[in-house]
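The values are calculated or read from the model by the stated rules, or taken from the named source; none is laboratory data. Model, not experiment: these values are computed from the prediction. Note: ideal-geometry Cβ built from the backbone for every residue, glycine included; neighbour counts use all protein chains shown. Please note that ligands, DNA and RNA were not included when accessible areas were found on the heavy atoms of the full protein model with its side chains. Shrake-Rupley method; radii C 1.70, N 1.55, O 1.52, S 1.80 Å.
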Amino acid sequence: TNVVELSSVSKRFKLGTTEVDALKEISLGIRKNDFAAITGPSGSGKSTLLNLIGCLDVPTSGEVKISGTRTSDLDEKALDKLRSRAIGFIFQSFNLIPVLKAVENVMLPLQLHGLKAQQMREQAEHALRQVGLEHYIDHLPDQLSGGQRQRVSIARALVTKPNLVLADEPTANLDSSNSEAIIELMRKLNKESGVTFVFSTHDASLLGKVDRIIRIRDGKLQEDTAAAPLKKAL
Ligand code: ADP
Ligand code: ADP
């Protein structure tokens, strides 16, 4: 089964009397082991789509299933629990807490998992080793480069061992060589540890590195290189 499944999902935002159809009738499944990019121009609906895949937002119509469960059948608490165990998030601005060391930032998502302090630290150090930052565990975010900060945030996303990691424009604040390095790191984690990754980018130069391209424009699914040929033609 798919990790996440969207069926005919639409999202409309209302701003006073103005309505924006941010997504229109999107159907797609995120499969285990996918390494996929969502791409499209600014304002096309990439963030909205990621927010729906990650169950951070709910659709106006259509259905979202996570590991086979309809999210509309879950209450807020159950959804929170499912999300915090199944999905890791990475953001373009890293979202690290400046007064916490790298290892402490990475430990944060484990707070809700009922582990002992020593176990939390060991798991956080393991995640930092996975992203090649074993020598930076006690550094503060402002003692790290942009690329290193994004690695910390990848470690933080991985530390709960999620089925799926979602990244909203993870390279938007990085130069091109750091951008490539971050995508290659995610790729390595995908191949070696089987982590499913979906990230958004407007940077066409990164698309050669993915297995699947989900292209949206004006809220519509324009292309999904993993879809069946019949669907592709629609
Ligand atoms: P992208 O990530 O591709 O830049 P977004 O998903 O952020 O696109 O936005 C898609 C459209 O939905 C845009 O027109 C945007 O202004 C609108 N939009 C996104 N989020 C909101 C919101 N919370 N309230 C109102 N409009 C929104
Ligand atoms: P991105 O770099 O992801 O495209 P945006 O600047 O489009 O970021 O959006 C940042 C946040 O603001 C998102 O959570 C999005 O949902 C929200 N947002 C985007 N457009 C609007 C809007 N027109 N009105 C209100 N919120 C918006």
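Show the residue pairs that are 6+ apart or on different chains and have beta-carbon atoms under 9 Å apart, the first residue being within segment 189-202 and basic (Lys, Arg), the second being assigned to a strand (DSSP E or B).
What qualifies is Lys191/Phe35.
Quick one: Asp80 ticks every box in (1) of a type outside the set (Ser, Thr, Tyr); (2) within 16 Å of ligand 2 (Cβ to nearest atom); (3) surrounded by fewer than 16 Cβ atoms within 10 Å (Cβ to Cβ) except a single one, so which number is it?
That leaves (2) as the condition not met.
Please go through (1) part of a strand (DSSP E or B); (2) more than 16 Å from ligand 1 (Cβ to nearest atom) for Phe89 and return the number of the only condition it doesn't satisfy.
Going through the list (1) part of a strand (DSSP E or B); (2) more than 16 Å from ligand 1 (Cβ to nearest atom), Phe89 breaks only (2).
Condition test on Gln119, is it at pLDDT 95 or above, more than 25 Å from Leu23 (Cβ to Cβ) and either small (Gly, Ala, Ser) or within 16 Å of ligand 2 (Cβ to nearest atom) (or both)?
Working: at pLDDT 95 or above: yes; more than 25 Å from Leu23 (Cβ to Cβ): yes; either small (Gly, Ala, Ser) or within 16 Å of ligand 2 (Cβ to nearest atom) (or both): no.
Taking the combined requirement at face value, the residue does not satisfy it.
Can you tell me which residues in segment 125-143 are outside any helix (DSSP H, G or I) and either open to solvent by less than 10 Å² (accessible area, probe 1.4 Å) or touching a strand residue (DSSP E or B) at 6+ places or on another chain (Cβ under 6 Å) (or both)?
First pass over segment 125-143, keeping only residues outside any helix (DSSP H, G or I): 131-140.
Hits for segment 125-143 are Val131, Leu133.
Please state which of the following conditions Glu184 fails to meet, knowing it meets all the rest: (1) within 23 Å of Lys65 (Cβ to Cβ); (2) open to solvent by 60 Å² or more (accessible area, probe 1.4 Å); (3) charged (D, E, K, R).
Among (1) within 23 Å of Lys65 (Cβ to Cβ); (2) open to solvent by 60 Å² or more (accessible area, probe 1.4 Å); (3) charged (D, E, K, R), the lone unmet condition for Glu184 is (1).
Looking only at strands (runs of 3 or more DSSP E) that fall completely inside segment 144-234, which ones have 3 or more residues that are at pLDDT 95 or above and touching a Phe, Trp or Tyr at 6+ places or on another chain (Cβ under 7 Å)?
Details: elements: 164-168, 196-201, 212-217, 220-224.
Filter on segment 144-234 gives 164-168.
Rundown of residues vs (1) over 25 Å from Gly43 (Cα atoms); (2) in contact (Cβ under 8 Å) with a residue 24 or more places away in the chain; (3) open to solvent by 40 Å² or more (accessible area, probe 1.4 Å), yes/no style:
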site	(1), (2), (3)
Thr160	yes, yes, no
Leu174	no, yes, no
Ala204	no, yes, yes
Gly208	no, no, yes
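Suppose we filter segment 57-71 for residues that are touching a residue at least 24 places away in the same chain (Cβ under 8 Å), under 17 Å from Ala86 (Cβ atoms) and open to solvent by 10 Å² or more (accessible area, probe 1.4 Å); how many remain?
First, the residues of segment 57-71 that are touching a residue at least 24 places away in the same chain (Cβ under 8 Å): 57, 59-68.
Of the ones still in play, those that are also under 17 Å from Ala86 (Cβ atoms) are 57, 64-68.
Now drop any that are not open to solvent by 10 Å² or more (accessible area, probe 1.4 Å), which leaves 57, 65, 67-68.
Going through segment 57-71 one residue at a time, the tally reaches 4.
Consider Gln222 against the criteria (1) farther than 23 Å from Pro41 by Cα; (2) away from ligand 2 (no atom under 16 Å from the Cβ): it satisfies all of them except one. Which criterion is unmet?
(1)
Among the residues of segment 112-124, write down those that are open to solvent by 50 Å² or more (accessible area, probe 1.4 Å) and part of a helix (DSSP H, G or I). Give the steps one after another, and end with the answer.
Taking segment 112-124 as the starting set, the residues that turn out to be open to solvent by 50 Å² or more (accessible area, probe 1.4 Å) are 112, 114-119, 121-123.
Matches in segment 112-124: Leu112, Ala117, Gln118, Gln119, Arg121, Glu122, Gln123.
From the residues in segment 27-79 that are more than 11 Å from Val4 (Cα to Cα) and basic (Lys, Arg), which one is modelled with the highest pLDDT?
That would be Lys46.
Select, from Leu174, Leu166, Leu189, the only residue that is within 11 Å of Ile90 (Cβ to Cβ) and out of contact with any Lys or Arg (no Cβ under 9 Å at 6 or more places or on another chain). Spell out how you get there, then give the answer.
Working: Leu174 fails: within 11 Å of Ile90 (Cβ to Cβ); Leu189 fails: within 11 Å of Ile90 (Cβ to Cβ).
Being within 11 Å of Ile90 (Cβ to Cβ) and out of contact with any Lys or Arg (no Cβ under 9 Å at 6 or more places or on another chain) holds for just one of Leu174, Leu166, Leu189, which is Leu166.
Considering only segment 1-64, give the strands (runs of 3 or more DSSP E) lying wholly within it that have at least 2 residues that are within 13 Å of ligand 1 (Cβ to nearest atom), more than 19 Å from Ile90 (Cα to Cα) and not hydrophobic (A, V, I, L, M, F, W, C).
Values: elements: 4-15, 18-30, 35-39.
Output list reads 4-15, 18-30.
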